[in-house]
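Report on the following structure.
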Amino acid sequence: MGLNMDVDHVAFAGLRKFDGRRTRWLHAHEIGQIAGRAGRHLRDGTFGVTAEAEDLDVDLVEQVVEHRFDPVEAAEWRNARLDFDTLPDLLRSLTVTPQRSGLSLTAEALDETLLRRLIKDEEIARIGRSRGAVMRLWEACQLPDFQKTTLDEHARLAKDVFQALTGKRGRLTDDWMAPRFAFVDRDDGQIDQLSARLSAVRTLSYIANRPDWVHDAQGWRERTRALEDRLSDVLHERLTARFVDRRTTALMRALNVREDAFAGVAEDGEVTVEGQVVGQLEGVRFQLEKGSSALEDRTLRQAAVRAVTPEIARRLGRLGAEDDDAFAVLPDGAVLWRGVLTAQVQATPQGADPFAPSVRLLGDLGPTPARERAQRRIEAWLAAEAGRALRDLRRLRQAVESGALKGLPRGIAFRLIEAGGLIDRRDVERDLAALSQAERRTLRSFAVRVGVHSVWLPGLQKPRPRQFAQAFVAAPLIAATPDLIPAPVEPPSARLLSAHGLRLIDRWLAPVERLETMAELRVADATTRGRLSDQALAELGWSADQARQIIAALKTDRARRPDKPGAAPRPVKDSPFAALAALTEAPPPRANRRRPRRKTAC
């Protein structure tokens with residue numbers, strides 16, 4: 001890790017390494033660079049191998065000692081004069097070969113790999129049509145991967161940066177930087193966690209040092225630099241305590257920590273080491289109990305991890321091959337496996353797509369491939385469950401995507417899909433008025449109900465679909481009640497309202513069925529002239545003042561609906577559509593004038 005430790009001898013545990021493409025033998029100059037840490041160029045050090053490594057070749061040792069390394073025969077090169085006119089031109093300029101001996105075209109770097117990956121995205125290709133957008137895309141692709149994440153994750157980060165830079169504000173705002181900074185603004189945890197946070201902070205620091213990228217770049221530079229310094233100091237202390245501090249090493253030996261320490265997992269998930277309970281294994285997540293000291297925590301955790309890792313690997317294997325009946329999801333997004341909390345739905349305030357779900361598997365132990373398979377299994381179950389629980393919404397979505405719905409019904413269906421299955425009728429009043437009888441029957445065949453105040457999918461308002469839809473909205477759950485609920489200060493998203501079967505009316509949240517019941521009661525009692533009788537109020541469970549507020553808020557604006565049922569919308573005065581309507585009006589009927597009869601001579 002680059003620690004400036006005072007060591008006299010370097011022992012190689014292996015002489016092969018993975019260079020990013022393949023596993024190969026270390027070159028002589030690489031062995032010399034690593035072995036040169038002994039003595040730190042202040043005195044002569046020594047180097048050798050451990051018992052598990054192969055012996056160093058005599059000639060190789062001589063090369064390292066005498067600093068006789070193979071000369072560099074060629075240098076890698078890449079064209080610096082890039083063409084940003086179009087995306088194909090940029091790709092072409094990156095593959096220009098050097099026209100000079102001693103230079104060889106470099107292998108495809110990360111930025112070029114990201115570029116080739118991102119331009120396949122239709123949204124990116126649509127935005128990147130101008131020279132400025134192409135330059136911005138290339139800058140985003142050059143974002144360093146300090147965290148050594150997967151290519152997909154790094155590509156998503158580069159895409160987020162590019163979309164922000166080409167958006168309305170043209171900058172990464174505080175709303176973009178603040179949550180990412182808050183996520184890593186902590187200095188607890190183990191060495192690997194601190195190292196990961198430090199890498200993430202370096203990514204943010206790189207972004208903050210681009211004044212043309214970030215709003216308040218100077219402020220974010222200072223904050224990221226301070227956090228990077230703090231994490232570096234804490235990481236150095238933890239590394240020193242583990243590898244250098246002689247007192248800590250002596251204490252570890254005194255505790256007689258053995259590799260074969262007795263540890264096991266009971267049927268109820270209780271984890272014990274040398275007879276002491278050190279934690280609980282719930283599903284695939286291990287929770288360590290706190291010890292009396294940091295040294296005890298570290299010692300017991302090492303033994304506990306050795307005990308639970310094989311069991312977690314077995315559980316992950318079973319989870320990846322589990323039947324659908326073993327899973328369940330709660331309205332708060334918690335995914336249960338055989339009744340145990342195992343994963344969390346990655347929901348958003350605006351509502352994630354239930355037909356393409358993403359989950360976060362709890363815990364951090366177990367082989368990465370097994371964890372990925374388990375995560376994909378849960379996501380596959382959620383997608384299948386969405387098709388069952390949200391069947392009407394899935395059917396409507398398939399009809400829109402396949403082109404089975406056309407014209408005005410397609411537009412209404414699209415609005416329903418975007419909102420999660422419930423919209424205000426006033427938002428589509430003009431389209432509804434223009435529908436033919438055949439088009440209305442088509443909407444009804446897709447289980448779409450057009451009410452007095454709302455257009456919705458009644459099948460989604462049953463308990464099971466509601467609870468399933470709520471799991472994909474990152475917002476506090478709303479208590480299920482037929483009564484009016486005071487609206488929060490921050491207006492809820494359309495997906496959140498749909499998931500609870502509610503409409504935002506003035507300062508109240510009202511169940512969609514209650515609004516339609518209210519409309520029926522007003523029509524049924526003609527003697528009240530549209531007002532609600534005491535009996536109707538009792539049936540609804542509303543007060544007279546609440547009913548007056550709801551009725552006043554639901555009054556339809558004449559500008560949002562045609563003058564007569566079934567009539568075409570009237571164009572706005574002095575608009576281009578009004579002029580077009582005047583040109584297409586039928587000419588007035590011609591008068592039927594009779595020609596005078598000619599007089600003939602007798």
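Taking the stated definitions as given, is VAL305 over 34 Å from the mean Cα position of the chain (by Cα), open to solvent by 20 Å² or more (accessible area, probe 1.4 Å) and at pLDDT 70 or above?
The answer is no for VAL305.
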Check your understanding: Does segment 139-147 contain at least one residue that is in contact (Cβ under 8 Å) with a residue 40 or more places away in the chain, open to solvent by 70 Å² or more (accessible area, probe 1.4 Å) and within 30 Å of ASP233 (Cβ to Cβ)?
Key -> yes
Review point. Within segment 1-89, which strands (runs of 3 or more DSSP E) (wholly inside it) include 1 or more residues that are among the hydroxyl-bearing types (Ser, Thr, Tyr) and without any contact (Cβ under 8 Å) to a residue 12 or more places away in the chain?
Key: 23-25
Review point. If you go through segment 187-209 one residue at a time, how many are at pLDDT 90 or above and not in a helix (DSSP H, G or I)?
Key: 1
Point to revise | Flag for PRO482 being more than 22 Å from SER543 (Cα to Cα) and either within 30 Å of the chain's Cα centre (by Cα) or open to solvent by 20 Å² or more (accessible area, probe 1.4 Å) (or both) | key: no
Review point. Hey, among the residues in segment 400-418 that are closer than 25 Å to VAL512 by Cα and open to solvent by less than 10 Å² (accessible area, probe 1.4 Å), which one's nearest to the chain's Cα centre (by Cα)?
Key: LEU416
Review point. Is at least one residue of segment 117-133 in contact (Cβ under 8 Å) with a residue 12 or more places away in the chain, buried (at least 16 other Cβ atoms within 10 Å of the Cβ) and under 26 Å from GLN218 (Cα atoms)?
Key: yes
Check your understanding: among the polar types (S, T, N, Q), modelled with pLDDT under 70, closer than 30 Å to ARG360 by Cα and open to solvent by less than 70 Å² (accessible area, probe 1.4 Å), is that true of THR249?
Key -> no
**Study point:** Exclusive hit being open to solvent by less than 30 Å² (accessible area, probe 1.4 Å) and among the aliphatic types (A, V, I, L, M), set LEU103, LEU151, LEU90
**Key:** LEU90
Point to revise | Test: residue in segment 21-37 that is surrounded by 10 or more Cβ atoms within 10 Å (Cβ to Cβ), touching a strand residue (DSSP E or B) at 6+ places or on another chain (Cβ under 8 Å) and of a type in the set (Lys, Arg) | key: yes
Practice item. Specify which of the listed residues (LEU460, LEU496, LEU435, LEU515) is out of contact with any Phe, Trp or Tyr (no Cβ under 6 Å at 6 or more places or on another chain), at pLDDT 85 or above, open to solvent by less than 50 Å² (accessible area, probe 1.4 Å) and part of a loop (DSSP other than H, G, I, E, B). Key: LEU435
Review point. Does segment 160-167 contain at least one residue that is touching a strand residue (DSSP E or B) at 6+ places or on another chain (Cβ under 6 Å) and within 30 Å of PRO71 (Cα to Cα)?
Key: no
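The values are calculated or read from the model by the stated rules, or taken from the named source; none is laboratory data. What you see is a predicted model, and the numbers here were worked out from it, not measured in a lab. Virtual Cβ from ideal backbone geometry, glycine too; neighbours counted across all protein chains shown. The area values use the complete protein model at the heavy-atom level, side chains included, leaving out ligands, DNA and RNA. Shrake-Rupley method; radii C 1.70, N 1.55, O 1.52, S 1.80 Å.
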